[in-house]
Amino acid sequence: MSALNRMVGAAGAADRPGPADGDRWTDGHARWELYRSAAGQPEAAELLLAAVRAETDLALASAAVVMMLEKVPADERRRWVEALRPEVRGYAERRSSELAVLESLARGDRSFGADDVEAWSDWLQLRAAQAGTDVDGHVLDVLAEHGRTKRIRRHAADSAAGRRARDR
């Protein structure tokens with residue numbers, strides 16, 4: 001994995017403790033730590049993408065892509081999802097769609113109703129509820145009433161109340 005070795009330098013991870021040199025990158029935990037480190041450094045993004053394409057542990061590759069989806073611009077997400085083998089793209093595709101919904105909400109999209117919210121994953125409902133005053137009050141009210149869990153409904157109600165107080 002030459003991309004992985006180049007990424008080690010870019011991510012500054014060469015001095016990190018890990019498996020013995022011969023086994024350093026055969027351990028998925030060590031690779032995950034390297035991927036996490038590289039994800040925080042924009043200059044390592046292309047090397048990380050190459051490492052994901054070469055990753056033999058499909059769950060690890062998927063986790064790295066999902067992590068990066070929140071860090072890259074929306075127009076680059078498709079490229080990251082397509083770096084995965086088709087049989088493991090489903091989760092990353094869904095997360096990419098969910099991030100697009102969150103961005104739509106942040107722009108004030110009021111088109112989501114109770115049926116839409118009920119179809120959202122728990123992750124998306126919670127993230128929207130926690131977005132606070134960045135989300136339209138209508139959507140927060142829908143989440144406060146129709147959120148799947150008490151936690152989601154509580155966050156949405158608190159965020160809606162904060163938004164109303166701010167708008168006064």
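Worth pointing out:
- Test: residue in region 10-33 that is assigned to a helix (DSSP H, G or I), within 22 Å of W123 (Cβ to Cβ) and either more than 14 Å from the chain's Cα centre (by Cα) or modelled with pLDDT under 95 (or both): yes
- Of all residues in region 78-102 being more than 18 Å from L47 (Cβ to Cβ) and of a type in the set (K, R), the one that is surrounded by the most Cβ atoms within 10 Å (Cβ to Cβ): R95
- Filtering region 30-77 to residues that are surrounded by fewer than 18 Cβ atoms within 10 Å (Cβ to Cβ), more than 19 Å from L99 (Cα to Cα) and among the hydrophobic types (A, V, I, L, M, F, W, C) leaves A30, W32, A50, A54, L58, A59, L60.
- Scope region 126-157; condition out of contact with any Lys or Arg (no Cβ under 9 Å at 6 or more places or on another chain) and crowded, with 22+ Cβ neighbours inside 10 Å; matching residues: A128, V142, I152, H155, A156
- Region 81-105 residues that are over 21 Å from A50 (Cα atoms), paired with ones that are in a helix (DSSP H, G or I) and open to solvent by 50 Å² or more (accessible area, probe 1.4 Å) (beta carbon under 8 Å, 6 or more apart): E98/W123; E98/R127; L99/A74; A100/A74; L102/R127; E103/A74; L105/D134
- Just one of the numbered conditions (1) within 30 Å of A61 (Cβ to Cβ); (2) in contact with a Ser or Thr (Cβ under 7 Å, 6 or more places away or on another chain); (3) not aromatic (F, W, Y) is not true of L102: (2).
- Residues being among the charged types (D, E, K, R) and outside any helix (DSSP H, G or I) - total across region 83-104: 2
- Within region 106-117, considering residues that are in contact with a helix residue (DSSP H, G or I) (Cβ under 6 Å, 6 or more places away or on another chain) and of a type outside the set (V, I, T), the one surrounded by the most Cβ atoms within 10 Å (Cβ to Cβ): F112
- Index of the failed condition, D27 passing every other in (1) of a type outside the set (K, R); (2) open to solvent by less than 60 Å² (accessible area, probe 1.4 Å); (3) under 23 Å from E76 (Cα atoms): (3)
- When we screen R168, R127, R154 for residues that are more than 21 Å from W32 (Cβ to Cβ) and at pLDDT below 95, the only hit is R168.
The values are calculated or read from the model by the stated rules, or taken from the named source; none is laboratory data. Just so it is clear, the model here is predicted, and its values are computed rather than measured. A quick note on method: Cβ atoms are made from the backbone with ideal geometry, for glycine too, and the neighbour counts reach across all protein chains shown. We work out accessible area using only protein heavy atoms, side chains counted, and drop any ligands, DNA or RNA first. Shrake-Rupley method; radii C 1.70, N 1.55, O 1.52, S 1.80 Å.
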